[in-house]
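Chemist: Input: one structure, supplied below.
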Amino acid sequence: MARLAGTAPERPDLSRLDPRHPRYAEILELHRQAVADARDTYSDPDTGLQVMTASALWAMGRCCGCGCRHCPFLRLRERAHEDNR
């Protein structure tokens, strides 16, 4: 996929982070703060693992296929798949 213009979405796709997750609001705030601070990652409050922000993933220009929580390309890929049906 070619590099895309625009910005990454603020909220992750439902398939990557369910709004019913007990720490959903906290995760969104950690993500928002990391983006505001121009950091590429934040620490997941449950696991302590580093999670890439949507803006960092967007800057890569394409989906890496690893199932990233904040993948900004997931919806684009699904839309392209539907268009090809």
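Taken together, the values in this text are just the output of simple stated rules run on the coordinates, not laboratory data. Predicted model only: the values in this text are computed from it and were never measured. Every residue, glycine among them, receives a Cβ derived from its backbone with ideal geometry; neighbour counts consider all protein chains shown.
Chemist: Return His70, His21, His31 ranked ascending by Cβ neighbour count within 10 Å, so the fewest neighbours appear first.
Modeler: Listed from fewest to most nearby Cβ atoms, that is His21, His31, His70.
Chemist: Shifting gears a bit: Averaging over every viewing direction, what projected area does the convex hull of the Cα atoms of the range 24-83 cover, in nm²?
Modeler: So the Cα hull casts an average projection of 4.5 nm².
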